[in-house]
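**Student:** Pasting in a structure now, in structure tokens, and then I'll have a few things to ask.
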């Protein structure tokens, strides 16, 4: 058996040397590595961080924060329950905290953008119509008065326009940085108007602004109806945590958690809390609007 393994290892080593020398393949796989496949998830993660307002934060740094939270959460759980399995389970759940905070921040940025876009669309229509601005000039002028979290995207798009004067590429950069359905619709409308021309741009932008206002009011009504349920959802975490802390002062306290029965009970209780938290968040999540020609 040992001789067979050594023979297979040697044959695979010869295969890697030959494919590297003759075909230029790299890595230890049986085939060539697809170009860009390893970097694509990293680029996607960094793009999401930019959309959350964390420009300049690398995905590796964000991962280090998640690891640190996992260690801290697992350490506190081990100090409380005295078991490795509950510590790993609670530490893993705690590690989702930075991701949840990032998603919440990104969602708040998108909500502020949705609130600002109807006004911005109307201003673009006014600038291109009554005041005679060109479409790119009106877009960048309105972008300078946009919410602070949107301004870096407009600044990046304006730099591209200054260097290339290619409005198609400029719009692509703006859409990629904002990653919003309303931004997609506005940018595509402006791109068509810039390339084709026409006199009805102000009317089309006014219709788009009315549609965005109706969509915004609908989402606000849905969120208002969920306010009580979202408040109650927090008790899924805080009430069991308070009961676990209170258990330290009853009977043997921490030593009761360290027994096999106590460890099984803790694991089951933590698993049910996590399941309830995820399930309640899933059923209360509002559907995201589909983007138009996403990058």
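**Student:** In whole angstrom, how long is each semi-axis of the equivalent ellipsoid of the stretch 114-216, when you take the square root of 5 times every eigenvalue of its Cα gyration tensor and sort them from largest down?
**Tutor:** Rounded to whole Å, the semi-axes are 18, 17, 12.
**Student:** Let me ask you something else. Provide, as a two-decimal number, the C-alpha radius of gyration of the stretch 48-190 over 2.2 N^0.38 Å, N being how many residues it has.
**Tutor:** Rounded to two decimals, the normalised Rg is 1.44.
**Student:** Could you give the length gained on full extension between residue 61 and residue 141, defined as 0.36 nm per residue of separation minus the Cα-Cα distance, in nm?
**Tutor:** 25.3 nm
**Student:** Could you line up 272, 150 from fewest to most neighbouring Cβ atoms inside 10 Å?
**Tutor:** Ascending Cβ contact count within 10 Å gives the list 272, 150.
**Student:** In what order do 161, 277, 117 fall by count of nearby beta-carbon atoms within 10 Å, going from fewest to most?
**Tutor:** Least crowded to most crowded, the residues run 277, 161, 117.
**Student:** State, to one decimal in nm, how far the label point of residue 222 lies from the label point of residue 162, with both points 7 Å from Cα in the Cβ direction.
**Tutor:** For residue 222 paired with residue 162, the spin-label model returns 4.0 nm.
Read the figures in this text as sums done on the coordinates, not as results from a lab. These numbers were taken from a predicted model, which means no experiment stands behind them. Reconstructed Cβ throughout: ideal geometry from the backbone, glycine too, with neighbour counts over all protein chains shown.
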